[in-house]
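Worksheet: one structure, shown below.
Taken together, the values in this text are just the output of simple stated rules run on the coordinates, not laboratory data. Since we're looking at a predicted model, the values are computed, not measured. Using ideal geometry, Cβ is built from the backbone for each residue, glycine included, and neighbour counts are taken over all protein chains shown.
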Amino acid sequence: MNLLGSPRAKKSMARCLVGCGSNLGARRDLLERAVELLRFMPGVNVLQTSHFRESKAVGGPVDQPAFLNGACLLETDLPPQDLLDALQAVENTLERQRDIRWGPRTIDLDLLLYDTLELDDESLTVPHPRMSTRRFVLEPCVEIAPDFLHPCTGYSLRELLDNISLTRHRIAVCGIPGCGAAQVATTLADATLSHATHGCTTLAHILMQSQQATRQQSFLAAASVWQELLASGEREESTTHVADFWIGTLAAVAARHSTDIEHSLTLDVQSRAALFEPPHVLIMLHVSPDALRERIRFCQGPLAAASDIFKDLEACLSGSSSPAGNDHATGNHDEAWCDHLLSLQTDIERMLSSQRTLPPPLTIPKAVVHIDADDLGEAADEALAAVEAMA
């Protein structure tokens with residue numbers, strides 16, 4: 001109690017997980033020094049530290065030295081951005097260089113989880129967007145905090161580790177038409193000697209339907225086609241199956257058309273969606289408005305006929321009408337499609353967050369990786385790194 005007689009308000013403490021790694025210099029010494037520096041940070045209490053494990057470098061320049069990785073469980077009263085600043089101060093003290101993305105480094109401290117917080121801004125994203133497929137992250141985290149929940153999916157870290165430890169994986173690459181799902185899925189399958197299943201253009205044909213009866217038939221037909229394609233892919237002998245579609249995108253579109261008149265449509269799609277086993281890994285491709293507009297211009301230009309790229313987007317644009325169900329369509333056909341697709345992308349993103357409000361209640365995949373797809377080459381590299389990190 002203070003001199004005025006009123007109790008001092010106790011600061012609330014957040015539980016956090018921090019990933020630690022080093023592949024330059026005296027790795028173990030650097031990691032131990034990093035943990036020790038964290039212990040002396042005001043507002044930070046190091047509760048537990050994992051053993052260190054060696055793993056090969058994933059992504060970035062080839063022929064990097066192997067990493068030594070671990071994790072720390074912290075308690076802190078620092079806000080997320082202040083904690084990030086503290087981690088970067090430790091990195092700077094230990095002479096971390098940031099010249100090359102995913103390049104060699106003396107020390108790497110990643111804020112993986114901050115209680116149940118979901119945050120995505122220019123400087124900080126939590127949960128860490130790539131942690132759910134990284135064995136070198138999950139193994140040390142499970143050692144010290146196996147029941148810590150990933151807030152976006154609601155699965156524990158132990159469940160996430162078990163998910164990537166299977167001998168055979170189903171991977172889905174999804175997004176709106178024009179995101180490049182087919183191209184990324186093909187590159188991923190080729191690089192991992194996996195079986196690829198293509199069906200993303202089906203979504204474009206549904207988006208073009210304007211009549212209620214036709215649209216409902218298209219939804220159910222699409223669900224049947226996708227289910228048959230996935231079943232066929234499961235019969236292949238390869239250890240991994242990569243599809244360029246996910247039933248959740250179909251559910252997101254159905255929900256957009258779920259008026260009182262069309263309530264049966266959502267119920268039908270919900271019943272079909274329940275028949276789909278969720279992929280073990282979902283790679284969600286995000287495309288910016290500028291990149292989508294550029295791809296729309298490409299599809300309307302002379303080079304599109306000689307290329308297989310963005311065929312799903314080209315199918316959307318081939319119709320003469322504005323997007324089905326777009327009550328706010330502009331006078332510009334292409335801009336109306338751009339607005340409609342970006343709005344659909346937001347709906348899909350919402351389905352993959354803990355704040356999801358769209359029916360039907362799908363089973364969200366345990367591992368979800370969000371990738372910026374404005375540059376398809378970089379997106380394919382990130383997707384491949386996400387899959388390789390499961391080994």
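Of note:
- The angle between the Cα long axis of helix 27-39 and the longest principal axis of the Cα atoms of the chain comes to about 80 degrees, rounded to the nearest 10.
- Label selected from [x] 34, 22, 22; [y] 41, 24, 20; [z] 27, 26, 22, the criterion being semi-axes √(5λ) of the Cα gyration tensor in Å as computed here: [y]
- Relative to the longest principal axis of the Cα atoms of the chain, the long axis of helix 376-388 lies at roughly 60 degrees.
- Candidates F276, F67, F298: whichever shows maximal mean-square fluctuation once the chain is modelled as a Gaussian network with Cα springs under 10 Å: F298
- Nearest-0.05 FRET efficiency for E75 and R28, computed from C-beta distance (R0 30 Å): 0.75
- 0 to 90° range, to nearest 10: angle between helix 263-273 axis and the chain longest Cα axis: 60 degrees
- Were the residues from N92 through N332 laid out at 0.36 nm apart, the gain over their Cα-Cα distance would be 81.4 nm.
- The label-point distance for A306 and A274, in a model that sets each label 7 Å from Cα toward Cβ, rounds to 5.2 nm.
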